[in-house]
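The values are calculated or read from the model by the stated rules, or taken from the named source; none is laboratory data. Just so it is clear, the structure is predicted and the values come from calculations on it, not from any experiment. Cβ sites come from the backbone with ideal geometry, for glycine too, and all protein chains shown count toward neighbours. Quick note on the areas: whole protein, heavy atoms, side chains included, nothing else; ligands and nucleic acids left out. Shrake-Rupley method; radii C 1.70, N 1.55, O 1.52, S 1.80 Å.
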Amino acid sequence: MKLSWIRPSLVTIAALMAACAASAAPGASELRFCIGAQPKTFNPLLVDDDASETVRYLTGGVLVRLDRNSQKLLPELATSWTINRDGSAITFVLRENVRFSDGTSFSADDVAYTMQKLMDPNLHSPTGDAFRSREGTVSTKVVGKSRITVTFPGPIVGLDRLFDQVAIMSATSPKKEMAVLGPYYVSENKAGAYLLLDRNPNYWKHDPGGRQLPYIDRVRLDVQQNRDIEALRMSRGEIDFINSLNAESFEALKSKAPQDVLDAGVGLDSEQMWFNQVPASPLPDYKKAWFTSNSFRRAISSSIRRDDLVRVVFKGHAQPAVSFISPANKFWFNQKLQPHAFDSQAALRALNADGFQMQNGTLHDRAGHPVEFSLITNAGNKDRERMAAMIQQDLAAIGIRLNVVTLDFPSLIERITRTFNYEACLLGLVNDDLDPNTQMNIWLSSAENHQWNPGQKTPATPWEAEIDRLMREQASTLDAKKRKQDVDRVQEIVWEQQPFIYLVNKNALSAVSPNLHNVHPAVLRPQIYWNIDQLTLGNEVATAH
Amino acid sequence: MKRARLLAVVFLGLVTVSSVLASVLAPAHYSHQFRDDPDAACSWHHPLGTDDLGRDRFSRLLYGTRVSLFLAPAAALISTILAALIGGIAVFSNKWAEQAVMSVTDLFLSLPWLFLVITIRALLPLNVAPLTSVIITFALLGSLGWAGAARVVCADTRRLCESDFMLHARASGFTGFRLLWRHLLPNLRPVLLAQFWISIPVFILSETNLSILGLGVAEPLPSWGSLLRELEGFSLLSARPWQFASLILLVATVSCFHVAMQSEEA
């Protein structure tokens, strides 16, 4: 009886030990954190979501890297670079004896290949949009193995900074985009559950003591949509940091371990809603007419109590938003603009002037249709669900029925990028850089991320044409004053037209385990792990410093 | 056992009556946001405090009970009827058709139904009122949850068809609808009732699961599932024990259903 109990137990223990041995090498360090969704792509040129951006940052090798703390450019795969006088060409001198994670050699041909792919109009690369200041083709001139000149059709401001986003791909590797030059490579992908990134054995960087970087052997990215569970895992010590916390989790963690949380003040990210203005969308014509009406959009905006959103949803860890540039971005933010004030009476007057009438507590349009629309947002994001519920009540006060629909993220992306079968959407915008030039992929009417009406062949409205002109103009001049004027004007147009109804700018909230060392939190993304190859875990700190 | 059943029935009756009278008993409308008073503690104005948007939790519990307690039996009815029809068809058709029906049943049993519901919900029209949306959700649950019950019904129908009294009935000249109505259905009734009662807590919990994923009942309509989402705020719970009211009510109601059901089976 006893023996039969012991035997299976021994077998179980042996199996467990074998499993442990298989999962990680003895003494290997593993950094753990969560991503909000399964990455949509591993192709670094097609990245347009947060999870894919995380993988690109951890695996991609770039020519130059923006130091998130000092906001200065540092040499990476390029040892030096020069920009020509008018800012339309850049020449890189490349590091030699560098190899991709699969052992393939790195050369100027790989840079030329990457640029050619990046600027391919058929690829619709969101990263490539930032380089499109003028119509025309991009040419590359390779001189030897380690020198390349990239020439653009027109001047591009901050040209060298844009290369911080361009992960170099191998022109010859059979592994294609899975062969990388960054500190880690994707070793395992369990879709919807986790990703394992192992240390790139060919990573070129070494510390001053000659030790190959990164210090941490493996990074585990757990796919976790639920932010509460992420915070719970943080408090249990199952993950090492939370790059971006919501206000509720921040308050909860703060009450337990105030030394582990950090509120860096208003950040660069914003939360906004927008209406579907795609002409080919399967919406009835009368709804398309509402959504393309400036008065309608402004009335909706004026009916939302942003102060309540800040106070109730974000527990004071946010500010009412004004434009696509956060007040945290002191140089580029247009100081003349103020958040749209709550004024439901003014909203009703504007709607009346546009032919809308209140009948028995319900707003009707000129043709008698009751004003009702749906607002989609991603399921599991409690802040957005709460904001949607508050907006629902605010709009009910002016007779508008809002149906809040939460969708799983892939379904939501499918609707807003492919089928356009939605009416309004509430999402956030993640800003990676202070320079508005990096938002070209949103503001150009031809851009794929021009969410309210993406990929236009010609601008649908005069104000979008003006935004196109101003954004291209600011991207092609080196005169900082002129650029500032252009970007200020774009902010004014967006404030007047409200294609995005900006709601709040969230504070930059994060949490870091005391077990993780060499962390220097920054306002720019990725706030905590921007120096991933320098981070150390636990007792490794002594050897790293 | 009788006493336990009585208590369970009385409890279910009380819960049902109070949810029916929600509009009378609730101190506020379930969607009204007291924005100056979010996350409030228990008080005379708010017997169970307020939620994170300042909505009265007691009112939401009453209305949420109405939603969950009335729609779950409706979904159970749909699934039981489907199970009876499909199980019956399997027995009364030829062998090839029976195998086909049972294969479909096995396929439904092996499907990850939660993902199936999520996928189907994502394909539904967006612009529907919250009440319509919740009815659709429960209808979906009902129309996808018949497979297990169909297998039981099929096995029991086959057993009954092969029994002596059915043979006697056939020998006495009973055929077709009369045989079904007079002899088969009355004997199948206990099985169908048991399947119905079993399904109710299953559907309540299914809607709860969907709501916890954020894919259940649409705002601002409450349900037990959406109320349980509050319990995800792990660290605040110890300071606000009244947040457990929805969980306690759910557990008590599901337990009472089981007690009532066991007595029914007995």
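Listed values, structure above:
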{"quantity": "Surface per residue (accessible, 1.4 Å probe) for chain B, Å²", "calculated": "49 Å²"}
{"quantity": "Accessible-area composition of segment A:61-176, carbon plus sulfur, in percent [1.4 Å probe]", "calculated": "46 percent"}
{"quantity": "Net charge dipole size for the protein assembly as shown [Lys, Arg +1 and Asp, Glu -1 on Cβ; Debye, nearest 20]", "calculated": "1180 debye"}
{"quantity": "Cβ-derived FRET efficiency at R0 60 Å, A:Ala353 paired with B:Leu180, nearest 0.05", "calculated": "0.35"}
{"quantity": "Sequence-separation-based contact order of chain A, relative, with Cα cut under 8 Å and 6+ spacing, percent", "calculated": "18 percent"}
{"quantity": "Extent along principal axes [Cα atoms of segment A:54-132; Å; largest to smallest]", "calculated": "33, 32, 26"}
{"quantity": "Loop sites in segment B:42-99: chymotrypsin sites (Phe, Trp or Tyr not before Pro), DSSP, at most 16 other Cβ within 10 Å", "calculated": "B:Trp44"}
{"quantity": "Protein-protein interface of segment B:28-76, residues with accessible area decrease of at least 40 Å², isolated chain reference, 1.4 Å probe", "calculated": "B:Gln33, B:Arg35, B:Asp52, B:Leu53"}
{"quantity": "Largest to smallest accessible area among B:Thr65, A:Thr458, B:Thr16 [probe 1.4 Å]", "calculated": "A:Thr458, B:Thr16, B:Thr65"}
{"quantity": "Equivalent ellipsoid semi-axes - Cα gyration tensor, segment B:2-265, angstrom", "calculated": "42, 21, 14"}
{"quantity": "With Cα atoms, 0 to 90° folded angle of helix A:382-396 axis to chain A main axis", "calculated": "0 degrees"}
{"quantity": "Two-site label geometry, B:Leu77 and B:Leu21: point separation in nm, points 7 Å out along Cα→Cβ", "calculated": "2.4 nm"}
{"quantity": "Full-stretch length increase - A:Lys336, A:Leu123 - with 0.36 nm per residue and alpha-carbon distance subtracted", "calculated": "72.8 nm"}
{"quantity": "Neighbour cut-off at most 13 other Cβ (10 Å), DSSP loop, trypsin sites (Lys or Arg not before Pro), segment A:448-545", "calculated": "A:Lys457"}
{"quantity": "Pairwise centroid distance, computed over Cα atoms, of segment A:30-95 with segment A:103-118, Å", "calculated": "14 Å"}
{"quantity": "Under-5 Å amide H pairs with A:Leu375, H placed in peptide plane, nonlocal only", "calculated": "A:Asn403, A:Val404, A:Val405"}
{"quantity": "Kirkwood Rh in Å, taken over all unlike Cα pairs in the protein assembly as shown", "calculated": "30.0 Å"}
{"quantity": "Normalised contact order of segment A:61-176, rounded percent, pairs of Cα under 8 Å and 6 or more residues apart", "calculated": "34 percent"}
{"quantity": "Cα-based helix-to-principal-axis angle, A:108-118 vs chain A, degrees rounded to 10", "calculated": "30 degrees"}
{"quantity": "For segment A:191-201, 3J(HN,Hα) per residue [Karplus equation, 6.51 cos²θ - 1.76 cosθ + 1.60, θ = phi - 60°, Hz, x = Gly/Pro]", "calculated": "3, x, 10, 7, 10, 10, 10, 9, 4, 6, x"}
{"quantity": "Stretch gain in nm, segment A:Thr82-A:Gln212, where the contour uses 0.36 nm per residue and the Cα spacing is subtracted", "calculated": "44.0 nm"}
{"quantity": "Length added when fully stretched, B:Leu123-B:Leu193, from 0.36 nm per residue minus Cα-Cα", "calculated": "21.9 nm"}
{"quantity": "Inter-label distance for B:Val152 and B:Phe34, nm, one decimal - labels placed 7 Å from Cα along Cα-to-Cβ", "calculated": "4.4 nm"}
{"quantity": "Length-normalised contact order of chain B in % [C-alpha pairs under 8 Å, at least 6 apart]", "calculated": "26 percent"}
{"quantity": "Protein heavy-atom accessible area occluded, B/A pair - total, 1.4 Å probe, Å²", "calculated": "2700 Å²"}
{"quantity": "Degrees between helix B:95-110 axis and first principal axis of chain B (Cα, 0 to 90, nearest 10)", "calculated": "20 degrees"}
{"quantity": "Spatial separation of Cα centroids for segment A:394-455 and segment A:309-330, in angstrom", "calculated": "18 Å"}
{"quantity": "Average projection area in nm² (convex hull over Cα atoms of segment A:265-506, one quarter of hull surface)", "calculated": "12.6 nm²"}
{"quantity": "Across A:Lys457/A:Lys482; A:Lys330/A:Lys506; A:Lys457/A:Lys484, pairs whose alpha-carbon gap is larger than 23 Å", "calculated": "A:Lys457/A:Lys482; A:Lys457/A:Lys484"}
{"quantity": "Loop-resident sites, segment A:215-324, for trypsin sites (Lys or Arg not before Pro), counting at most 14 other Cβ within 10 Å (DSSP)", "calculated": "A:Arg236"}
